[in-house]
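Here, each number is a calculation from the coordinates, and none is a lab measurement. Keep in mind the model is a prediction, meaning the values are calculated, not measured. Please note: Cβ atoms are built from the backbone with ideal geometry, for glycine as well, and neighbour counts cover all protein chains shown.
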Amino acid sequence: MTSIKDILLKEKRKFRLWMLILLLVITVFSILELSLGSAGISFVEVFSPQNEYAEFVLREIRIPRLLTAILIGAALSFSGLVLQTVFRNPLVGPSVLGISSGASLGVALVTMAGFSLGHSDIPKVFAAILFSMSVLLLLFSVAGRFRDNASVLIVGMLISYLAGAVVDILIFVSDNDALKEYTLWGMGSFSRMNYGEILVVATLLLVAYIIVYKNRHLMNLYLIGELDEVNEKRKKRLIFLLIIVAGIITAFVTAFCGPIAFIGIAIPNLMRFVLKISDHKYLLPGTVLLGAAVAVMCDLLSAMPWSDHSLPVNAVTSLFGIPIIVFMIFKSRHKSL
Amino acid sequence: MKATAKKNGVKVIAGEYYDGFWSVPGSSSYVAIMVEDAGGEYLVKNSAPSTIQMNKEAFAELFKNAQYWRKLTPMNWKAQSLRKEDVEAEFAVFPVHLKGILYCDVNKTSYFEQALLHPDLELQDLITELSGGEGKNFYRLIPVD
């Protein structure tokens, strides 16, 4: 008969194997991302650029884009996993609370109002963070009045619709240039962040990860309903902390890269499917690494290194994410999270 | 009537940056034809009549060979002259040969009202500026050191 110790050991081995595979995949995709592109930089030149131009392309274009893809993939997957746990629903993602819509509204107001500082992204980033954090605060001001998390979810979705309505009005009255700028922002891109911004988001993600990882046991208990019975106050505190952490991460990611679709919903589900466990001790690092790997792969495809054109990264993440979500919907008819 | 200037081989690129993408007029576009008629060589070679969206790297690859950058935007750009490092830092392009930016501020000129009705005026500007002079109608030259 198989003992619980054997099962845990088997889970641990499987997790380690998958982590190794994911690290390998990230390394391979990263080298491909750094060595493929219109500039014709050879594989060897990635490690030792032969001229000033190759050095420039690597330093200013390819390396920041790669770091952004890794970071944003990890951050959105992390945020998605946390929110799926909070709402005990595998179809929840970072966009459902209305945080992304708040960011979109902030950017729409800045873009359509024609307020710009040269080519600086500062007003847009500032507005996106301000509006998404305002949505988060609004959610919390109403969350205390509801007994269940589903009501918070509904309020979040209603805020999304409200923000969408205001954005529609702005689009209707805006000029062509502003419309184009807003539309392209909404398509998402990993090519916008500089090293300073990458450092800001990386620090935030690291802090958020440490906070959430420290609460992994409570999250496991909450997920199976044990915390509901044991300690209601502790449960509320945990949910508050998790929503704040996921909200801040989503706000910053959306502010810098635009709304990136489906990574946050699809990756935690894919990781659960691969590991076949719901223990956050394994799910948290696994989801972060898988998110990074998938984001780099999507960015590689969206950059279309064989062509001068490029695709919006949102289109590629949607093409990747939607089949997984459809699969999860069919699967969830038979089995809960 | 078609007026063209003698080819001077000056290499020109056009395009605007929008949030991670470069919007670049194709080689059969109005802009490309204007540049060619003004004696310049338009660097995009794709036979597209409309604007295409390019990634940063593909545009940087063209930009490194450009001597002039034709820039049309409503943004109020106050720069009188630029250093190559400024262009590199702000737009993530590598200005190896760049001499200047042919800049049209559509807020201060009547470009959209007049240029399509009087393409000769735009052509006059481009011919003058690609030969090292100062245009009088829509464009002004921002030198890049």
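Specify the residue with the greatest mean-square fluctuation among B:Gly39, B:Gly135, B:Gly20, computed from a Gaussian network of chain B linking alpha-carbon atoms under 10 Å apart.
Among B:Gly39, B:Gly135, B:Gly20, the largest mean-square fluctuation in the Gaussian network model of chain B belongs to B:Gly20.
Per 0.36 nm of contour for each residue apart, how much would the distance between A:Val207 and A:Ile169 grow if the chain were fully extended, relative to their Cα-Cα spacing?
Details: separation 38, 0.36 × 38 = 13.68 nm, distance 3.79 nm.
Contour length minus Cα-Cα distance gives 9.9 nm.
Which residue fluctuates the most in chain A, going by a Gaussian network model with Cα springs under 10 Å, if the choices are A:Asp177, A:Asp299, A:Asp121?
Answer for the Gaussian network model of chain A: A:Asp177.
I need the phi-derived Karplus couplings for region A:259-265: 6.51 cos²θ - 1.76 cosθ + 1.60, θ = phi - 60°, integer Hz, Gly and Pro marked x.
x, 9, 7, 6, 4, x, 8
Roughly what would the spin-label model give for A:Gln50 and B:Lys45, points 7 Å off Cα along C-beta, in nm?
Here the answer is 2.1 nm between the modelled labels.
Non-local amide H neighbours of B:Phe94 (under 5 Å, H modeled in plane, Pro and chain starts lacking H): which ones?
Distant-sequence amide H within range of B:Phe94: B:Lys64.
Amide H of B:Lys11: which non-local residues (sequence gap of 5 or more, or other chain) have their own amide H closer than 5 Å, using H built in the peptide plane?
B:Glu41, B:Gln67, B:Tyr68
What list do you get for B:Trp22, B:Trp69 if you sort them by fewest beta carbons within 10 Å?
On the way: B:Trp22 27, B:Trp69 23.
Ordered from fewest to most neighbouring Cβ atoms within 10 Å, B:Trp22, B:Trp69 come out as B:Trp69, B:Trp22.
Give me a comma-separated list of calculated 3J(HN,Hα) values for region A:187-195, in order, Karplus coefficients 6.51, -1.76, 1.60 applied at θ = phi - 60°, integers in Hz, x for any Gly or Pro.
After applying 6.51 cos²θ - 1.76 cosθ + 1.60, I find 7, x, 7, 9, 9, 9, 8, 9, 4 Hz.
Listing A:Leu17, A:Leu289, A:Leu81 from the residue with the fewest other Cβ atoms within 10 Å to the one with the most, what is the order? Please list the in-between numbers first.
Details: A:Leu17 10, A:Leu289 23, A:Leu81 31.
Sorted ascending by nearby Cβ count, the order is A:Leu17, A:Leu289, A:Leu81.
Just A:Glu45, A:Glu232, A:Glu33 to compare: in a GNM of chain A, with alpha carbon springs under 10 Å, which one fluctuates most?
Result for chain A, Cα springs under 10 Å: A:Glu232 fluctuates most.
Can you work out ³J(HN,Hα) from phi for every residue in region B:110-116, in order, using Karplus 6.51 cos²θ - 1.76 cosθ + 1.60 and θ = phi - 60°, giving whole Hz and x for Gly and Pro?
For region B:110-116, the Karplus-derived couplings read 9, 4, 5, 7, 9, 5, 6 Hz, x marking Gly and Pro.
Set the Förster distance to 35 Å, then compute FRET efficiency between A:Leu32 and B:Glu134 from the Cβ-Cβ distance, nearest 0.05. If you can, show how the numbers build up before the last one.
Details: r = 48 Å, r/R0 = 1.36.
With R0 = 35 Å, the Cβ-Cβ based efficiency is 0.15.
Which residues' amide hydrogens lie under 5 Å from the amide hydrogen of B:Gly26, considering only partners 5 or more residues apart or on another chain, with H built in the peptide plane?
Correct list: B:Ser50, B:Thr51, B:Ile52.
Please go through the residue pairs A:Lys180/B:Lys71; B:Lys64/B:Lys136; A:Lys233/A:Lys281; A:Lys180/B:Lys136 and name each one whose alpha carbons sit more than 20 Å apart in this structure.
Details: A:Lys180/B:Lys71 16 Å; B:Lys64/B:Lys136 28 Å; A:Lys233/A:Lys281 23 Å; A:Lys180/B:Lys136 30 Å.
From the list (A:Lys180/B:Lys71; B:Lys64/B:Lys136; A:Lys233/A:Lys281; A:Lys180/B:Lys136), the Cα-Cα distance tops 20 Å for B:Lys64/B:Lys136; A:Lys233/A:Lys281; A:Lys180/B:Lys136.
With both partners inside chain B, how many of the DSSP beta bridges are antiparallel, as a percent to the nearest 5?
On the way: 11 of 23 bridges.
Roughly 50 percent of the DSSP beta bridges within chain B come out antiparallel.
Tell me what chain A gives for mean residue ellipticity at 222 nm when only DSSP H runs of n ≥ 4 count, each as -39,500 (n - 2.57), the sum divided by the residue total, rounded to 500 deg cm²/dmol.
Numbers: 15 runs with 254 residues, N = 337.
Rounded to the nearest 500, the figure is -25500 deg cm²/dmol.
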